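Accompanying notes for the structure given below.
The values are calculated or read from the model by the stated rules, or taken from the named source; none is laboratory data. Since this is a predicted model, take the numbers as computed values, not measurements. Methodologically, a virtual Cβ is constructed for each residue, glycine included, from the backbone with ideal geometry; neighbour enumeration extends over all protein chains shown. Heads up: the accessible areas ignore ligands, DNA and RNA and are worked out on the full protein's heavy atoms, side chains in. Shrake-Rupley method; radii C 1.70, N 1.55, O 1.52, S 1.80 Å.
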Amino acid sequence: MLLEALGSVMLGIALAWTAATRLPHRLPERRTVFAVGALGALFGAFLTHSAVGPGHAVTTVVGATFIAVVALSLLLRPAGRLRRSAA
């Protein structure tokens, strides 16, 4: 379980770094992005490990990756101004 958690946190930080370098104009400050990536992956590992049980390390890491990506996507801001029609 410890290796799954550490691997998931490292993967969450890697995902956060990728998001922060590719979309810096659409994300808040880097510390927030890295914290959300790591905590999202850790929560995802806990949730997936609780759901599938011990002995499924690959599934746990895949679930952690999915939850980290979802958490990071919640930080995204719109790219441009929102246009509202008068109609």
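For region 41-79, enumerate the residues that are closer than 12 Å to Leu15 by Cβ and of a type outside the set (A, V, I, L, M, F, W, C).
Within region 41-79, Gly44, Thr65, Ser73 meet the criteria.
What number of residues in region 1-27 are open to solvent by less than 40 Å² (accessible area, probe 1.4 Å) and under 15 Å from Ser73 (Cα atoms)?
Final tally of qualifying residues: 5.
Take Phe43 and decide whether it is over 23 Å from Thr21 (Cα atoms), out of contact with any Pro (no Cβ under 8 Å at 6 or more places or on another chain), surrounded by fewer than 18 Cβ atoms within 10 Å (Cβ to Cβ) and modelled with pLDDT of 95 or more. Can you show your working first?
Numbers: over 23 Å from Thr21 (Cα atoms): yes; out of contact with any Pro (no Cβ under 8 Å at 6 or more places or on another chain): yes; surrounded by fewer than 18 Cβ atoms within 10 Å (Cβ to Cβ): yes; modelled with pLDDT of 95 or more: yes.
Against the criterion (over 23 Å from Thr21 (Cα atoms), out of contact with any Pro (no Cβ under 8 Å at 6 or more places or on another chain), surrounded by fewer than 18 Cβ atoms within 10 Å (Cβ to Cβ) and modelled with pLDDT of 95 or more), Phe43 qualifies.
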